[in-house]
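I have placed the structure first, in the form of structure tokens, so that the comments after it can refer back to it.
Values in this text are rule-based calculations from the coordinates and carry no lab data. Just so we're clear, the structure is a prediction, and the values are computed from it rather than from any experiment. Virtual Cβ from ideal backbone geometry, glycine too; neighbours counted across all protein chains shown.
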Amino acid sequence: MWGLPQGIPQTQKGILQKQIVDPMTNTSLFVVGLFACLAWAGLLSANEPLLGDTERGRRVFDQSGGCSCHTNYSKEGRNAPVLAGGRALSTPFGIYYSTNITPDLETGIGRMSDAEFITAMQEGIAPDGQNYFPIFPYTSFTGMSDQDLVDLRAYLSTLPPVKRVNKPADVMPPFSWRWGVSLWKWLNFKAGRWQPDPSRSEIWNRGDYLVNSPSHCGECHTPRDWTGGLDRSMWLAGSSDGPEGELAPNITSDSKTGIGSWHLRDLIWFLETGFKPDGDDTQGLMSEMIEHGYAKLPQADLEAIATYLKSVPPIDHRVQAHSSE
Ligand code: HEC
């Protein structure tokens, strides 16, 4: 492997080789040994299934906004069967219906293994290998840790199963083709766990994780390009095509078009109650995400979300009804 200089007599080559190769052999042996240990440790941890904790999972559920898109509160009101899906989510491409994520064995996700659940959330791939439509915000959930997901799964498994068959999407081709989602993913999706920024505080990092992974604030509050991909240069700057055709306001720290004038306490209060600093209350899905999720978070999580949001650079972007944008 080590090329020896040409023209050196054989005996010298032997000596040279000995000098060069011997220490290398020791090092190589060490390296091989180290890799073997690491591989062994890796195998052990890969084979050891993560155990889900329902209490921790309940908190992840709250962080996600109570998976509110999966309950049809908008049409069926307060008595809508929780997490049984069927909620119409309109997009510029047509209407998608959220799915049944109760533990029902036939129509819900009762038969999904933990590993399949993790793959669904982090990769956007169903147990049968098909792509999920990106209305399912795996672009954010991909950042979630395996442990958080297994905990969430454990919590979801404790909820009552509901029998309700999923509704097919009401969208035109090519947006109804699941294989087309591979192209969409290639353009707009990068799978990968969230990574902390060591130059920032612990609370900021916690907020970054929550906002951009489980709480998926950017999925509604960021405008999308013509392919339906999130415009990352306009992160949290508001969208005319929010869920169910609502406007999702600019939540960057811009003082004119965003929430730059809100104090840290205002944000925490808003996430706890849905009331804005001017006394008005929020509507639609945002109010549901608060009521069924964010409001139940411990102060530490709310403070982290608010701290992170206050640090988001201002973007001057007035969100307007679709036609005028
Ligand atoms: C499912 C989509 C969705 C998600 C997820 C979401 N929001 Fe919202 N949010 C909205 C919509 C829609 C509104 C506007 C509601 C209204 O008109 O009352 C809104 C309103 C707000 C407002 C009020 C802003 C203003 O100027 O009135 C704030 C602040 C806010 N959201 C913060 C957040 C944060 C923080 C998160 C994540 C923890 C989040 N939102 C997640 C859809 C969403």
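Results, tabulated for the structure shown:
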| read-out | value |
| --- | --- |
| Spin-label pair Asp128/His263, simplified geometry with 7 Å Cα→Cβ offset, distance in nm | 5.5 |
| Efficiency of FRET from Cβ geometry, Trp177 and Phe275, R₀ 35 Å, rounded to 0.05 | 0.25 |
| Extension gain, Gln299 back to Asp316 (0.36 nm per residue minus Cα-Cα distance, nm) | 3.1 nm |
| Those aspartates and glutamates that a straight Cα-Cα span of less than 12 Å connects to Lys190, excepting residues fewer than 8 apart in one chain | Glu123 |
| For Ile125, residues with placed amide H under 5 Å, excluding near neighbours | Ala120, Tyr132 |
| Greater than 30 Å apart at Cα, pairs in Lys75/Lys256; Lys185/Lys256; Lys163/Lys296 | Lys75/Lys256; Lys185/Lys256 |
